[in-house]
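To keep things clear, I will list the structure first and then write my remarks on it.
The values are calculated or read from the model by the stated rules, or taken from the named source; none is laboratory data. The model shown is predicted, which means the values in this text are computed figures rather than measured ones. Positions of Cβ are generated from backbone atoms using ideal geometry, with glycine treated the same way; all protein chains shown enter the neighbour counts.
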Amino acid sequence: MKSFVENIDKSVTAFLSGGSYSDLHTQFRGSANELNLFLNEFLKIFLAALIVLALLLYFTQKSAKLAAAVLCAVPLSFAGGMLSLHVLNLFTPQSLDVITMIGFVILMGLVVNNTILFVN
């Protein structure tokens, strides 16, 4: 979605700057703008949550090895979710939007919970 918006922005800017429309200004609004804001905030919050999760796991399990085992499941589940999203796109179009990102947050929570139960 982001590359699509960037391509459209370049095309519209090139069209407007070439003719008598050089005094016009364009701005993308709506879901494209919200997605950019959400992704920036999501990455910051996700990294902070991983750090807090690592500390909590370390203090509750009393072992860095067990905490690392639980945290190793997070990127694997993310990769599996992205692969599933790609396979789904072969049949029906599904973009990586805010609702999909919320689904990934739920997936991460389930995976961490199951991994903690397996480790104990």
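Which count do you get for residues in segment 73-120 that are over 22 Å from Ala54 (Cα atoms), assigned to a helix (DSSP H, G or I) and either in contact with a Lys or Arg (Cβ under 6 Å, 6 or more places away or on another chain) or among the hydrophobic types (A, V, I, L, M, F, W, C) (or both)? Matching residues across segment 73-120 total 9. Is it the case, given these coordinates, that Leu56 is outside any helix (DSSP H, G or I) and either exposed (fewer than 14 other Cβ atoms within 10 Å of the Cβ) or among the basic types (Lys, Arg) (or both)? Criteria not met by Leu56.
Matching residues to (1) farther than 30 Å from Lys10 by Cβ; (2) at pLDDT 90 or above:
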{"position": "Phe38", "(1), (2)": "no, no"}
{"position": "Leu53", "(1), (2)": "yes, no"}
{"position": "Ser63", "(1), (2)": "yes, no"}
{"position": "Val70", "(1), (2)": "yes, no"}
{"position": "Ala79", "(1), (2)": "yes, yes"}
{"position": "Asn114", "(1), (2)": "yes, yes"}
{"position": "Val119", "(1), (2)": "yes, no"}
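Restricting to segment 62-120, give me the number of residues that are of a type in the set (Val, Ile, Thr) and within 20 Å of Asn36 (Cβ to Cβ). Quick ask: steps written out before the conclusion?
Quick first cut of segment 62-120, residues of a type in the set (Val, Ile, Thr) only: 70, 74, 87, 92, 98-100, 102, 105-106, 111-112, 115-116, 119.
Imposing the further condition that a residue be within 20 Å of Asn36 (Cβ to Cβ) reduces the set to 98-100, 102, 105.
Here the count works out to 5.
Each row is one residue, and each column tells you yes or no for (1) basic (Lys, Arg); (2) under 12 Å from the mean Cα position of the chain (by Cα); (3) surrounded by 12 or more Cβ atoms within 10 Å (Cβ to Cβ).
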{"position": "Val70", "(1), (2), (3)": "no, no, yes"}
{"position": "Leu76", "(1), (2), (3)": "no, no, no"}
{"position": "His86", "(1), (2), (3)": "no, no, no"}
{"position": "Asn89", "(1), (2), (3)": "no, no, yes"}
{"position": "Ser95", "(1), (2), (3)": "no, yes, yes"}
{"position": "Ile102", "(1), (2), (3)": "no, yes, yes"}
{"position": "Val112", "(1), (2), (3)": "no, no, yes"}
{"position": "Thr115", "(1), (2), (3)": "no, no, yes"}
{"position": "Asn120", "(1), (2), (3)": "no, no, no"}
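For segment 74-84, the set of residues classified as touching a Phe, Trp or Tyr at 6+ places or on another chain (Cβ under 9 Å) and either over 18 Å from Ile116 (Cβ atoms) or not hydroxyl-bearing (Ser, Thr, Tyr) (or both) consists of Phe78, Gly81, Met82, listed by residue number. Against the list (1) without any contact (Cβ under 8 Å) to a residue 40 or more places away in the chain; (2) under 16 Å from the mean Cα position of the chain (by Cα); (3) surrounded by 11 or more Cβ atoms within 10 Å (Cβ to Cβ), the condition Val5 fails is (2).
Residues of segment 39-83 being among the small types (Gly, Ala, Ser) and farther than 14 Å from Val105 by Cα, which ones?
Step one: filter segment 39-83 for residues among the small types (Gly, Ala, Ser), giving 48-49, 54, 63-64, 67-69, 73, 77, 79-81.
Ala54, Ser63, Ala64, Ala67, Ala68, Ala69, listed by residue number.
Pairing residues of segment 70-91 that are in contact (Cβ under 8 Å) with a residue 24 or more places away in the chain with residues that are surrounded by 11 or more Cβ atoms within 10 Å (Cβ to Cβ) and polar (S, T, N, Q), at Cβ distances under 7 Å and at least 6 apart in sequence or on separate chains, gives Val70/Thr115; Ala73/Thr115.
Could you go through segment 32-52 and let me know if any residue there is exposed (fewer than 15 other Cβ atoms within 10 Å of the Cβ) and aromatic (Phe, Trp, Tyr). Looking through segment 32-52, none of the residues is exposed (fewer than 15 other Cβ atoms within 10 Å of the Cβ) and aromatic (Phe, Trp, Tyr).
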